[in-house]
1. Given the options LYS165, LYS155, name the one that is open to solvent by 40 Å² or more (accessible area, probe 1.4 Å) and in contact with a strand residue (DSSP E or B) (Cβ under 8 Å, 6 or more places away or on another chain).
2. Residues in segment 124-163 that are of a type outside the set (Phe, Trp, Tyr) and over 11 Å from the mean Cα position of the chain (by Cα): how many?
3. Any idea how many residues of segment 11-32 are open to solvent by 90 Å² or more (accessible area, probe 1.4 Å) and closer than 16 Å to SER80 by Cβ?
4. Being part of a strand (DSSP E or B) and in contact with a Lys or Arg (Cβ under 6 Å, 6 or more places away or on another chain) is the filter; apply it to segment 145-157 and report the residue that is farthest from TYR6 (Cα to Cα).
5. Of the conditions (1) modelled with pLDDT under 95; (2) part of a loop (DSSP other than H, G, I, E, B); (3) open to solvent by 40 Å² or more (accessible area, probe 1.4 Å), GLN134 satisfies every one except a single condition; which number is it?
6. Please list, ordered by residue number, the strands (runs of 3 or more DSSP E) wholly in segment 33-126 having 2 or more residues that are buried (at least 16 other Cβ atoms within 10 Å of the Cβ) and touching a residue at least 60 places away in the same chain (Cβ under 8 Å).
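The values are calculated or read from the model by the stated rules, or taken from the named source; none is laboratory data. Nothing here was measured: the structure is a model prediction, and the numbers come from that model. Cβ atoms come from the backbone with ideal geometry, glycine included; neighbour counts cover every protein chain shown. When the accessible area is computed, the model is the full protein with side chains, heavy atoms only, and any ligands, DNA or RNA have been set aside. Shrake-Rupley method; radii C 1.70, N 1.55, O 1.52, S 1.80 Å.
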Amino acid sequence: DTEIDYPVMQGSGDFYLDHDKTGVESAAGAIFVDEEADAEADNFVVIYGHNMKNGEMFGELKRFLLQEFYEQHRIFHFDSVYEERKYEIVAVAKTRILYAEEEGFRYYRTFSYETMDEFEKIHSFIEENSWYGQKANVNYGDELVLLSTCSSGEKDERLLIVGKKIQ
């Protein structure tokens, strides 16, 4: 029940923050993954998009802040050129970009996890920032996708929708 249906670009966030999928300058930018990510192989992928007031890009993600909407809309699709993928939303989270000198987990600089320790950092981050205080039903080996957008709170606040691949 959202209108989020865009191609996902890959490249420098500095570029796609203010350029559309065709490379033309645009305030809405494009939906994208970081140039260092491998959306086909990584088990932790962050997809970025602007929170546009008119609902474009990731503007409709704020609807997930209403618990009833979240509970009734737990599945999303992120298809690649190779396969159709289905994800269950396991958490809605709010966080912020950390200052350079701050300690803490930086989801926006994470592209995969290899060890149980790396997975536990991701899992703890998700649960600590969960909007509804839910326990994220994720296990080591799960493929996770985070949809990340600005929130309407503080300047560096972010809204995250966390999905676990189920198909």
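1. Being open to solvent by 40 Å² or more (accessible area, probe 1.4 Å) and in contact with a strand residue (DSSP E or B) (Cβ under 8 Å, 6 or more places away or on another chain) holds for just one of LYS165, LYS155, which is LYS165.
2. Of the residues in that region, 23 qualify.
3. Total satisfying the criteria: 1.
4. Ranking the qualifying residues of segment 145-157, first place goes to GLU157.
5. (3)
6. Here the list reads 44-48, 86-96.
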